Structure formats: structure tokens, C-alpha cells
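Contents: one structure, followed by commentary.
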Amino acid sequence: MPPIVHGFDWPDRFVIGTVGQPGSRTFFMQARAGSRMVSVSLEKDQSSALAERIEEVLDELMGTDGNPYSVPALTPEGLVDNEPLEQPIDEQFRAGVMSLGWDPTTAQIVIEAFPIIEVDVDELEDVEVIEVEPEEALLVRIPVGTARAFAKRTREVVGAGRPICPLCRLPMDSDDHICELPDGFR
């Protein structure tokens, strides 16, 4: 059976946001077109890596001779989105594998997210590579300005977590943080 693809071409809104307090936040990637909305949970590191890679792709495209795709260097003012995630948040699936691409025919960044596939190791008899078709996927296509805004917002959301201790470089859970300094520090 082919997978269910939650496709969004030119969505009205595409953002990453969180639910919960720093230290125990759940990250969601949310796409909306009209009244149709899909929310996919993902890890903080996945969010950060996605934003970083989008910026790299946009910067490479911007550096192309004459910037033929009109990639903005900064987030266009009218595309800034600082609003919270839309409610209710119904998790469609938890993202496992994600991919990022570029479609030059439409000048859009293409983001795909697939659910984590759980395999019971006890049921595997022989170790061999098998191709597993996911049951569903999220496919979002966004123009370059929206991609720049998405990456900026995502970096801000990721950075809004617990502050990092300047000495041990670990997240501080409270004001009474006690860190273990590396060898050589007293």
C-alpha cells in the first residue's frame, strides 16, 4: 500500500515551535493550508540541523551567478512569524528520517519527514538489508523567502531553551546550577 503523503505546496504557514518548559520541551513542525493542518514531533537536534542545512542551501543558491532565484540574504520583514503553534496540536507522527531538497523548476525548498519505524529485533532472523516503505510522510514545498524565515524562527526556538553554563558548557536547570569543571580548573 502506498504511503499517505501529507503534502503542502505553498502552505499558508510552516513553522517549528515547542510545547512545554525549557528542559522538557516537545518540538513540533507544523504545516497549514487553509483549515488543513499537520503537526509532526521531532527532536531539538533535528530542528537545529534542518535550519542549519536550509541556510546552507539558501546561501549556496544566493551565491549562484546573478542570484537567479532571488534568494534573500535576510528574512523578508513580511514573512517573520513569531506566533505560537496553532491549537489543537494533534501529533501525526514522530519524525525519524528527514530529507531536504531543492526544486529549481519552482524555486522551492522541499522538506520531507518520515515517521520513525520501529522494528522488533527478536523477529529478525537473518541480518539483511530490507527496504521498508513508511506508512505516511510529510512533504512541504516552500519558496526561498519563506525558507529563510523558517530557518530564522527555528534557530530562535532552539536557542530559547535552558541557558548554557559558560564554564561547563552544559544546560543549566536552575539558578543554583553546580557544574563539574574539566580537569585543570579549580
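The values are calculated or read from the model by the stated rules, or taken from the named source; none is laboratory data. Since the structure is predicted, the reported quantities are computational estimates derived from the model, not experimental observations. Cβ atoms come from the backbone with ideal geometry, glycine included; neighbour counts cover every protein chain shown.
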>> So in the range 24-59, with the set limited to residues that are among the small types (Gly, Ala, Ser) and touching a strand residue (DSSP E or B) at 6+ places or on another chain (Cβ under 7 Å), which one is farthest from Pro163 (Cα to Cα)?
In response: Ala33
>> Against the condition more than 14 Å from Ile142 (Cβ to Cβ), of a type in the set (Asp, Glu) and over 20 Å from the mean Cα position of the chain (by Cα), how does Glu86 come out, does it pass?
In response: no
>> Looking at Leu50, Leu100, Leu58, Leu85 in this structure, which one is surrounded by 11 or more Cβ atoms within 10 Å (Cβ to Cβ), modelled with pLDDT of 95 or more and in a loop (DSSP other than H, G, I, E, B)?
In response: Leu85
> Which one is farthest from the chain's Cα centre (by Cα), of the residues in the range 19-41 that are in contact (Cβ under 8 Å) with a residue 60 or more places away in the chain and closer than 14 Å to His6 by Cβ?
Replying inline: Val38
> For the range 14-47, how many residues meet the condition of being in contact with a Gly (Cβ under 7 Å, 6 or more places away or on another chain) and part of a strand (DSSP E or B)?
Replying inline: 3
> Consider Val5 against the criteria (1) β-branched (Val, Ile, Thr); (2) surrounded by 15 or more Cβ atoms within 10 Å (Cβ to Cβ); (3) assigned to a strand (DSSP E or B): it satisfies all of them except one. Which criterion is unmet?
Replying inline: (2)
> Of all residues in the range 16-47 being touching a helix residue (DSSP H, G or I) at 6+ places or on another chain (Cβ under 6 Å) and hydrophobic (A, V, I, L, M, F, W, C), which is surrounded by the most Cβ atoms within 10 Å (Cβ to Cβ)?
Replying inline: Ile16
>> All but one of (1) at pLDDT 95 or above; (2) of a type in the set (Phe, Trp, Tyr); (3) assigned to a loop (DSSP other than H, G, I, E, B) hold for Tyr69; state the number of the condition that does not hold.
In response: (1)
